[in-house]
Amino acid sequence: MTPLQRVIKENNTTLNPIWIMRQAGRYLPEFREIRSKNPDFIKLCLNPNLSTEITLQPLKRFDFDAAIIFSDILMLPYGLKQKVEFKKNFGPILGKLNLNEISKVEEIDFVERVQQIYKAIKNVSNNNILKDKNTIGFIGAPWTLLVYMINQQSPKKQLKKDFFENKDLINNILIIIEKFLKIHIKNQIDSGANLIQIFDSWAGLLENKDLPYYVYNPTFNLVKFTQSLNTPVICFPRNIKDYKRYCDFIKPDAICIDYEVDPLKIEKEISIPIQGGMDPKVLLTDKENIKKEATKYLDIFKDHPYIFNLGHGVLPETNPEMMEYLVKTVKDY
């Protein structure tokens, strides 16, 4: 059993495994070199040789306990034939959502469009560097994907004014998203992913009254489905107001917390394994501060099954030396 599996399945509190969201990416010079030659982000995700190389880059540098496949949550709408592109210094832009077109997509079409991701997962999971480590596959949660697909861009500024108006469209899209997320999860597991993380990046946009319909029910279905394939699932409902209620309803195997939440409250309220929490901006400071902040989380969760991670993805301006220091701090704890 890997360290992550021992924490998640056995509730082991003597281990502090570590992996970092966006660990394969923009803060590594070797990634930036590949990226500079491959400006089309979607094509890069669909290049199994390069995405394998990128996934393994951080494990060649740091003693992480897992590799997370280099891909994107928006490969789901891409697989459903919605146009997806990434604009420099802006983020993702999606084409107009055509329910009629998306409804016609068959499983075989979807798998054909994204199968290179599964090839990369196979390559990664078969690599010797992953001996005693996990290969993490992932998906975006239905609500977060719905936001991107209807909003056509990140809702950082705001959701479209008429976002909730067309209830029929929303209902239909959620049904399609759930169907194809299950296909995507199963294919990732069949290719060698032995842990799935569900990213609900925009869970914090909703009011409590809307959570059951948009977040709890659809995510619960996917968690149950993943668990039925004997694969543990970690949920990351970023900025959700009530982590306890979320866990009580959805019952993931572990919960990833963001850096806005009070870890002491989480430790008291939630019994399942916890992951994450530290603010990625801490890595932009100095070693003394990194040690102080990392130790704070390790102390709070020392008697609780805990996986060290950040409360969001690693920032592009992070110095890899600081990451090395963080990993060493966690391993030496």
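Structure summary
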| read-out | value |
| --- | --- |
| Relative contact order %, segment 138-221, counting alpha carbon pairs below 8 Å whose residues are six or more apart | 53 percent |
| Which of Phe301, Phe90 has the fewest Cβ neighbours within 10 Å, and the rest in rising order | Phe90, Phe301 |
| Nonlocal amide H pairs with Val84, under 5 Å, H built at 1.01 Å | Gly95 |
| Peptide ranges 193-203, 228-238 listed from the most packed, as the mean C-beta count within 10 angstrom indicates | 193-203, 228-238 |
| Computed over the chain, Kirkwood Rh from alpha-carbon pairs, angstrom | 20.1 Å |
| 3J(HN,Hα) from dihedral phi, segment 277-286, Karplus parametrisation 6.51/-1.76/1.60, rounded to Hz, x for glycine, proline | x, 5, 5, x, 5, 4, 5, 8, 9, 10 |
| Share antiparallel - DSSP beta bridges, segment 3-332, percent rounded to 5 | 20 percent |
| Residues Glu267, Glu293, sorted so that the one with the fewest Cβ neighbours within 10 Å comes first | Glu267, Glu293 |
| Residue exposure sequence - Glu324, Glu33 - by fewest surrounding Cβ within 10 Å | Glu33, Glu324 |
| On Cα atoms only, tilt of 142-151 relative to the major axis of the chain in degrees | 50 degrees |
| Long-range amide H partners of Asp258 with built H, under 5 Å | Asn239 |
| Whole-Hz ³J(HN,Hα) from phi, Karplus 6.51 cos²θ - 1.76 cosθ + 1.60, for segment 202-211, glycine and proline x | 10, 4, x, 6, 8, 7, 3, 5, 8, 4 |
| Residues whose placed amide H lies under 5 Å from that of Phe138, excluding near-sequence neighbours | Gln197 |
| Options Val105, Gly140, Leu284, ranked by Cα towards positive dipole end of segment 3-332, top entry (Cβ charges) | Val105 |
| Residue among Ile250, Ile175, Ile54 with the largest mean-square fluctuation in a Gaussian network model of the chain, springs linking Cα atoms under 10 Å | Ile175 |
| Sites matching trypsin sites (Lys or Arg not before Pro) across segment 94-145 that sit in DSSP coil, with at most 14 neighbouring C-beta atoms within 10 Å | Lys96, Lys104, Lys131 |
| Segment 171-241 and segment 1-61: distance between their alpha carbon centers, rounded to Å | 21 Å |
| The chain - mean residue ellipticity at 222 nm from DSSP helices (-39,500 (n - 2.57) per run, n ≥ 4, rounded to 500) | -14000 deg cm²/dmol |
| Low-density loop positions, GluC sites (Glu not before Pro), segment 84-143 - DSSP coil, at most 14 other Cβ in 10 Å | Glu106 |
| Folded to 0 to 90 degrees: helix 320-332 orientation relative to the chain principal axis, Cα | 60 degrees |
| Dipole moment magnitude, nearest 20 debye, the chain about Cα centre, only Lys, Arg, Asp, Glu C-beta charged | 460 debye |
| Integer Hz, Karplus 6.51/-1.76/1.60 couplings in order for segment 251-264, x for Gly and Pro | 6, x, 6, 8, 10, 9, 10, 8, 7, 7, 8, 7, x, 5 |
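FYI, it's all coordinate maths here, none of it is from the lab. All figures in this text were calculated on a predicted structure; none of them were measured in a lab. Positions of Cβ are backbone-derived with ideal geometry, glycine not excepted, and every protein chain shown enters the neighbour counts.
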